[in-house]
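Beneath this line is the structure, given in structure tokens, with notes to follow.
The values are calculated or read from the model by the stated rules, or taken from the named source; none is laboratory data. Owing to the predicted nature of the structure, the values given are computational and were not obtained by experimental measurement. Glycine also receives a Cβ, built like all others from the backbone with ideal geometry; neighbour counts cover every protein chain displayed. For accessibility, only protein heavy atoms count, side chains too; no ligands or nucleic acids. Shrake-Rupley method; radii C 1.70, N 1.55, O 1.52, S 1.80 Å.
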Amino acid sequence: MNYIEALNYINDKEKYGSRLGLDVIGKLLDLLGNPHLDMKYIHVAGTNGKGSTSAYMATILKEAGYKVGLFTSPYLERFNERISINGRDIPDEKLAKITQRIKEKIEIMLEEGFEHPTTFEIITAIAFVYFKEENVDFAVLEVGLGGRSDSTNIISDSCASVITTIDYDHTDVLGDTLAKIAYEKAGIIKENGLVISYPQEEEAIKTIERVAVEKKAKLYVCPMNQVEIVHLSDKGGVFNFEYDSKIFKDIEISLLGEHQVYNAALAFMTSLILNEEGIIQIEEEHIRNGLKKTRWPGRLEVLKRGPIFLIDGAHNLQGAKTLASSLNLFQYKRLILGIAILKDKDIENIIKTLAPLANEIVVTEVNMPRKMKAEDLEKVIKKYNENTVVENDMKKAVDKAYELAEEEDLIVFSGSLYLIGNIRKLIKENN
């Protein structure tokens, strides 16, 4: 099996949809020799911010001299981005070799009457095998969906369960209240483990507290009221953070937006706690350097200037609100918004948040079954902004945005991670 054959094999399994539950991934890993056992994990769940928080943690640990695996989803441009060690994506030949092994084990599973693993279960297994073979010191795992029944939760313990902001998303699967959603996210909490949580709405934090008590886990809630933002710009941010009676001044980050300051504070505190518990050995300098060096593509990322071309994967209401408030970081005359959204998202509220801010809106669509057709999306947008144009093809949508924009304007493409991955590739190819 070569690299292309491996990708085709993995992508073909999209036909099995998604599945919550650990029986199938458990059987697959058992046939692979249980590579997920006896590794040290930082497990990250949440609605928004879990990707960048995972990236912060992986970079911090790397700065401290550790060999760190990072498993995230989805990818923006290339599949291999989902599985990396110390910032380097899994090599093509390694991916192909591991996928071949997994294919052989799946054939055994099917003969024994088990269901076929989903694409996400296969990718999760690839990550575990790769991290085990490469003997990583730590693996940072970003949950795919929810937490309790997510494939990544097959791990029996973790060094820390980190919970980022919780909001409404995937309500058809996770529940229609914050308490229900929080219960699923809190499913990553381990017996006698460590939990570091972002401050949540009352019903969410009460759920997390209850699960922590049940699991006899030690819960820390990051004191975001002790974060003082010194400076924010379209180049990054600087903040002070007080924790455990010590003030850490002038912490720098390169990721954009106020929300990334708070994600950084969560990673900062997690690192301090892991150090206090003797799980890692780390200096303040490592944490600072890790936060500053962290890059997380596709989230408030400036691709070009003159005019500024910004992409952001805001795909739910909280993400849309964060993007809306982050536009204040930029100096511009007019806003040209490019947008595509998947049909299973909170379309009305996302549009209600973003559309009124734009002077012109280019409506497009992603090339996947869950897409909302651009013409249908435009009908929703028209309720909030009449200045729309439809370009179903993403490249034509980019060209139209540039056609509409002057040098002092701001172009923003948002609404779906699948959209911005393609847009990012288009812009880079044309540079």
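Using amide H atoms built in the peptide plane, which far-off residues or other-chain residues are under 5 Å from Lys67 H to H?
Correct list: Asp137, Phe138.
With +1 on each Lys and Arg Cβ and -1 on each Asp and Glu Cβ, and nothing else charged, work out how big the dipole of the chain is about its Cα centre, in Debye to the nearest 20.
That gives a dipole near 260 debye.
Taking the Cα atoms of the stretch 1-104, what is the range of coordinates along each of the three principal axes, in descending order and whole Å?
Per principal axis, max minus min of the Cα coordinates gives 38, 29, 28 Å.
With every protein chain left in place, what is the accessible area per residue of the chain in square angstrom, probe 1.4 Å?
42
With +1 on the Cβ of every Lys and Arg and -1 on the Cβ of every Asp and Glu, and nothing else charged, how large is the dipole of the stretch 15-169 about its Cα centre, in debye rounded to the nearest 20?
Here the stretch 15-169 has a charge dipole of around 200 debye.
Would you kindly state how much longer the chain becomes between Glu104 and Lys304 on full extension, computed as 0.36 nm times their sequence separation minus their alpha carbon distance, in nm to one decimal?
67.5 nm
For the stretch 202-307, what size does the Cα cloud have along each of its three principal axes, sorted from largest down, in whole Å?
55, 33, 23
Can you give the direction-averaged projected area of the convex hull of the alpha-carbon atoms in the chain, in nm²?
Spelled out: convex hull of the Cα atoms, projected over all directions, averaged, 20.0 nm².
Rg to Rh ratio, the stretch 301-431, alpha-carbon atoms and Kirkwood radius? List each step's numbers first, then the result.
Details: Rg = 13.0 Å, Rh = 14.2 Å.
My calculation of the ratio gives 0.92.
Quick check: at a probe of 1.4 Å, how many percent of the accessible area of the chain sits on carbon and sulfur atoms?
44
When only C-alpha pairs under 8 Å and at least 6 residues apart count, what is the relative contact order of the chain, in percent?
15
Based on the inverse mean of 1/r over its pairs of different Cα atoms, what is the Kirkwood hydrodynamic radius of the stretch 138-212, in Å?
Value: 12.3 Å, from the Cα pair sum.
Between rounded, prolate and oblate, where does the stretch 93-252 land on the alpha carbon gyration tensor, with a ≥ b ≥ c its root eigenvalues, rounded for a/c under 1.5, else prolate if a/b exceeds b/c? Spell out each step's value before the answer.
Details: a/c = 2.21, a/b = 1.60, b/c = 1.38.
Taking the square roots of the gyration eigenvalues as a ≥ b ≥ c, the stretch 93-252 is prolate.
In whole angstrom, how far apart do the alpha carbon centroids of the stretch 288-305 and the stretch 382-420 sit?
Each part reduced to its Cα centre gives a spacing of 23 Å.
Choose one of Ile122, Thr72, Thr388: the residue whose Cα lies farthest towards the positive end of the charge dipole of the chain (beta-carbon charges +1 Lys, Arg; -1 Asp, Glu; about the Cα centre).
Thr388
Post the alpha-carbon centroid distance, the stretch 71-93 to the stretch 130-197, in whole angstrom.
20
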